[in-house]
Amino acid sequence: MKAIQITHTQELNIIDIEKPQTPGQGEVLLKLSYVGFCGSDINTFMGRNTMALNPVIPGHEVGAVIEAVGAGVPENLKKGMVVTCNPYTNCGNCPSCRNRRVNACQHNETLGVQRNGAMMEYITLPWEKVIPAGSLAPKVCALVEPMSVGFHAVSRAEVTDIDVVMVIGCGMVGMGAIVRSALRGATVIAADIDDEKLALAKKMGAAYAINTKTEDAHQRLQELTNGCGPDVVIEAVGSVPTYQMAINEVAFTGRVACIGYAKSEVSLQTKYFVQKELDIRGSRNALPSDFRAVIHYLETNDCPIDTLITKVIKPEEAFNTMRWWSENPGKVFRILVNFED
Ligand SMILES: [Zn+2]
Ligand SMILES: [Zn+2]
């Protein structure tokens, strides 16, 4: 069967590997329909992802159909069902796992990063990682994981209806944070450097949008919050200026949730940690409850799916598409690879 492999930096090949056999005890065999390329995959392709195996089969954003179930798999997982998957492992024994925060397992291996992923025609997974997707189409399923990462940050920041929430970065993950904050009744301010993304953020629930490249973000935030700053800032970029903006602009006694994975050191005004008595919380991956919340949102709301899916490609187009993406990084929400035929 076909698989996509990132062989070296800027080298991507279609390889032929053996199709997984009938699923073993507790395993489910999935036939992949659509698998999303994520920012972490483009980083792997560009040789900037230090956590990734090399070579690696990428892919952890999955829309699939159950092909077969092994012995000992619960009855609710049946052949023919549309599913997505939880692509993270958890060891069960580290401090995070013992505190039931399995999303932040110290020894986590994400599909397609620290171990081979789902960019192939079939995959077997332990049944615990297979998530029924209700009435969602397989294509939509591939959006669930990145949005759930944004949903998780909103839980971490304990957003409520009385909060003004600024979300910095309107990619897929940031969009998830905007959607969930709006669903919880908060007033959402979206911040990005791309006007198209900001327009979409408003469609997805943001009340206000700030282009931090062309506008004075501090000034606008002060105007929008009566000079207080936002109660919550969710950082979904991972750059030096956006981390600094989060700490500088958040209100006194505010909360900052950090999703963005910064690749360099960031210098911060730590006096604000103290003066403002900030709650600064990391937010990593997502919990099963976040996946369920995203599936529920996508089932019951009119989400602009077609705008979120920038391109659907065949496996053979993956190399050229990754090259194009690396040259146009601001223009992509999600690229899905169609493995259906
Ligand atoms: Zn991802
Ligand atoms: Zn663990």
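A few comments on the model shown:
- Based on Cα contacts under 8 Å between residues 6+ apart, segment 176-231 shows a relative contact order of 28 percent.
- Estimated dipole of segment 1-157 in Debye, rounded to 20 [Cβ of Lys and Arg +1, of Asp and Glu -1, Cα centre]: 440
- Percent of Cα-Cα distances greater than 38 Å, calculated over the chain: 15
- The packing ranking, built from the mean of other Cβ atoms within 10 Å per residue, places the peptides 205-218, 138-151 in the order 138-151, 205-218, highest first.
- Taken about its Cα centre, the chain carries a charge dipole of roughly 520 debye when the Cβ of each Lys and Arg holds +1 and the Cβ of each Asp and Glu holds -1.
- Shape of segment 27-146, Cα gyration tensor, a/c cut at 1.5: oblate
- In the chain, the portion of solvent-accessible area held by carbon and sulfur atoms comes to 48 percent [1.4 Å probe, whole percent, DNA, RNA and ligands not counted].
- Å² per residue, accessible surface of segment 4-54 at 1.4 Å: 49
- Using Cβ point charges alone (K and R +1, D and E -1), the dipole size of segment 147-282 about the Cα centre works out to roughly 280 debye.
- Long pairs among 31/79; 129/314; 197/311; 78/129; 139/202; 31/78, criterion Cα-Cα beyond 21 Å: 129/314; 139/202
- Volume of the convex hull of segment 91-161 (Cα atoms only), normalised per residue: 139 Å³.
- Within the full protein context, the accessible area of residue 290 is estimated at about 10 Å² for a probe radius of 1.4 Å.
- Mean sequence separation of contacting Cα pairs (under 8 Å, at least six apart), scaled by the length of the chain, corresponds to a relative contact order of 18 percent.
- Overall shape of segment 147-282 was characterised from the C-alpha gyration tensor. The equivalent ellipsoid obtained from it has semi-axes of 19, 16, 15 Å, in decreasing order.
- Solvent-accessible area per residue in segment 147-282 equals 44 Å², computed with a 1.4 angstrom probe and all protein chains kept.
- Chymotrypsin sites (Phe, Trp or Tyr not before Pro) within segment 267-341, DSSP loop, no more than 11 other Cβ atoms inside 10 Å: none
- Considering only 210, 273, 251, the residue lying farthest towards the positive end of the dipole of segment 184-301 is 273, judged by Cα position with unit charges set on Cβ.
The values are calculated or read from the model by the stated rules, or taken from the named source; none is laboratory data. This one's a predicted model, so the numbers in the text were calculated from it and none came from an experiment. Cβ coordinates were reconstructed from backbone atoms using ideal geometry, including for glycine residues, and neighbour counts include every protein chain displayed. With ligands, DNA and RNA removed, areas are computed over all heavy atoms of the protein, side chains included. Shrake-Rupley method; radii C 1.70, N 1.55, O 1.52, S 1.80 Å.
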